[in-house]
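Okay, so here's the structure we're looking at.
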Amino acid sequence: MTRTRLALFGGTSAFYLAIVVAVLLSTGLVTLDWKIMLFRPYQQWPEIHGFLDYYVVLGQRGPTAVMVAAWLGWRSWRQHTLRPLLCLGAALLLLNVSVGAVKIGLGRLGPHYATQIGSPELFGGGDIFPSGHTANAVVTWGILAYLATTPRARRYLSALSAVVALGVGLTTVYLGTHWLSDVLLGWAAGLLVLLALPWCEPVLAVSEARILAARDRVRERLRDRRRLVPSLPVASGGPRPVREPVREPVGVAGGRRAPATRG
């Protein structure tokens, strides 16, 4: 991992911890959460509500994972390597573990289920902090930039994934399903997963080698089975097949004459 990536990882981790502490201590960030929630953006601009209901799907794990997996599967087939699919699987696993643990541990309630104005709504049995939609958008679309093969493609895909993730996060705030601090933490959580992927590369390389070796062994066994010719062995002392007697043509036997006898 380069120094730049290490610096980004450290800075993002510090930002992540700062957001968590700010919410735990009910600082001005929580006050801003409530101001935006009481402003009710979905009522201020109802004309874009329908479009954003569809746009937020770009952050749902199921549809986005299927779309990205299909593209990376095609790339794996073309390039004869499992690395793209293994990277996606590792990224989603890291995302589920890291984000899921914080969601369950802090148990924050969403804006629609808030009970006390000004409260951070922590440890109430919720699961919206950090925003899963936002973190998932960062990871699933950012993995395309991570796996890009040229610097130009990496720049374009990085910009595209940033725009999509930014839009998904703000859309959840507009719809009232997340606090602003949820979205900020979701962006940081997704970015941390992408920055941690290079540490997983050695494990992914070993996994790919083992999977391909197992595939080759299975193929070799199938080829060996096809080469074998089935035979029916005869047990020693067992019955032997009956040989048919040699039969002469009818014309030959009938054309012979019996020898004449002398009297």
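Bear in mind that the values in this text are calculations on the coordinates, not laboratory data. Worth saying up front: this structure is predicted, and the values here are computed from it rather than measured. Please note: Cβ atoms are built from the backbone with ideal geometry, for glycine as well, and neighbour counts cover all protein chains shown.
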For the chain, what are the DSSP H helices with axial Cα length of 18 Å or more and mean Kyte-Doolittle hydropathy of at least 0.0?
3-24, 83-106, 132-146, 151-175, 180-227
For residue 54 and residue 166, what is the calculated FRET efficiency with R₀ set at 22 Å and r taken between the beta-carbons, to the nearest 0.05?
0.85
Tell me which chymotrypsin sites (Phe, Trp or Tyr not before Pro) from region 107-141 have a DSSP coil assignment and no more than 12 other beta carbons within 10 Å of their own.
123
In nm, the gap between the two label points placed 7 Å beyond Cα toward Cβ at residue 158 and residue 44 is 3.2
Option label - P(r) over Cα pairs in 10 Å bins from 0, in percent computed here, alternatives (1) 7, 29, 36, 22, 7, 0; (2) 6, 22, 24, 15, 8, 4, 4, 4, 4, 3, 3, 2, 1, 0, 0; (3) 8, 35, 41, 15, 1:
(2)
Just rank 201, 121, fewest to most, by other beta-carbon atoms within 10 angstrom.
201, 121
Where Lys and Arg each count +1 and Asp and Glu each count -1, what net charge lies around residue 212 among other residues with Cβ under 12 Å from its Cβ?
+3
Compute the Cα gyration tensor for region 80-180, then decide on rounded, prolate or oblate, letting a ≥ b ≥ c be the square roots of its eigenvalues: rounded whenever a/c is under 1.5, prolate when a/b is larger than b/c in the other cases, and oblate in all that remain.
oblate
